[in-house]
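Report on the following structure.
The values are calculated or read from the model by the stated rules, or taken from the named source; none is laboratory data. Fair warning: this is a prediction, and the values are worked out from it, not measured in the lab. Glycine gets a Cβ as well: all are built from the backbone with ideal geometry, and neighbour counts include every protein chain shown. These accessible areas exclude ligands, DNA and RNA; they are computed on the full protein's heavy atoms, side chains included. Shrake-Rupley method; radii C 1.70, N 1.55, O 1.52, S 1.80 Å.
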Amino acid sequence: MESDLRHLRDTGDARRFFHATYLRTTRAVAGEIDRGGFADSDWLERWDIAFAGLYLEALDADLRGGPVARPWRVAFDAARDRPDLPPLRHVLLGMNAHINYDLPQALLAVITPAEFDHPQVRARRAADHRRADDVLVARVGAEDTELAAARPTLLDRLLAPANRAATKRFLVEARTKVWHNTTVLDRARRNGPLPYRSLLADLETLSADRLAELVAPGQVLLKLVRKGFGVRLPSPS
């Protein structure tokens, strides 16, 4: 991640804003693991690696000119075509793709169907998922400070406190939906690869559509207030 960040900075790639934020957040999660802040640190470490891997695979594919999932396509295209957008907007786009689309897949990679069916194990996984939320939310103020130097206008600086408060609320809202989407996808994978791939394609569409709304002209916070940060798969009938 550090090598990729140097490359993104050296080339003036607007993806550097999300990448730097994600790198610092990953370090914060690692620090919490080392402090024993999770119910199952070994599991959390596996989840963290799986989660980061999905983003890094998408970034590497795009840097090589390969295909990427539609949510990342929207975020990466915005970085290429709209580098003038405020750094916070690029961070939110990356976070949206990574949380809404990647996070349920990362959770499924480290939670087996048997673990979903075990009440105590499922409760521990859910608790650690919420604790990871706490670590992420705690980073919001520090990340806003990191972005302050790149904030181009007085209006952006005046909106900073509102941005911090809104971002914290949106992150909690989105990751609550992520847990729901993960349980829906878990049920689908039990029925075989085709139902799972079909439902994952639905999640990809929902996530890409939400990102497209955030890229479109207008105040991003107003859009998030209206529709939320996260997306939600329909519950199985």
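If a/c stays under 1.5 just call it rounded; otherwise compare a/b with b/c (prolate if a/b is bigger, oblate if not). Do that for region 56-101, with a ≥ b ≥ c from the square roots of the Cα gyration tensor eigenvalues.
Oblate is the answer for region 56-101, as a/c is 1.5 or above yet b/c matches or exceeds a/b.
For a quick protection proxy, order the peptides 26-36, 88-98, 67-77 by their average other-Cβ count within 10 Å, most packed first. Intermediate values should be presented prior to the final figure.
Details: 26-36: 14.0, 88-98: 24.1, 67-77: 21.2.
The most tightly packed comes first, giving 88-98, 67-77, 26-36.
Taking region 1-44 as the region of interest, what is the percent of Cα-Cα pairs per 10 angstrom bin, listed from the shortest bin to the one with the maximum distance?
28, 37, 24, 11, 0
Where a ≥ b ≥ c are the square roots of the eigenvalues of the C-alpha gyration tensor, would you call region 39-148 rounded, which needs a/c under 1.5, or, failing that, prolate if a/b is larger than b/c, or oblate?
On the way: a/c = 2.90, a/b = 1.56, b/c = 1.86.
Note, shape of region 39-148 comes out oblate.
According to the Kirkwood expression over distinct Cα-Cα pairs, how big is the hydrodynamic radius of region 22-75, in Å?
Numbers: mean 1/r = 0.0800 Å⁻¹.
Here the Kirkwood hydrodynamic radius works out to 12.5 Å.
Rule-of-thumb check for region 72-123: C-alpha Rg over 2.2 N^0.38 Å? Intermediate results must be reported in sequence, preceding the final value.
Values: Rg = 16.3 Å, N = 52, 2.2 N^0.38 = 9.9 Å.
After normalising by residue count via 2.2 N^0.38 Å, the value is 1.65.
Just to verify a number: FRET efficiency for T11 and A212, C-beta to C-beta distance, R0 = 22 Å, to 0.05?
Between T11 and A212 the formula returns 0.30.
Using 0.36 nm per residue, how much length does the chain from T26 to D84 gain when fully extended, once their Cα-Cα distance is taken away? Don't skip to the answer; put the middle values down first.
Working: separation 58, 0.36 × 58 = 20.88 nm, distance 2.62 nm.
Full extension of this stretch gives 18.3 nm more.
Write down the accessible area per residue of region 1-128 in Å², having rolled a 1.4 Å probe over the full set of protein chains.
Numbers: 5560 Å² over 128 residues.
The answer is 43 Å² per residue.
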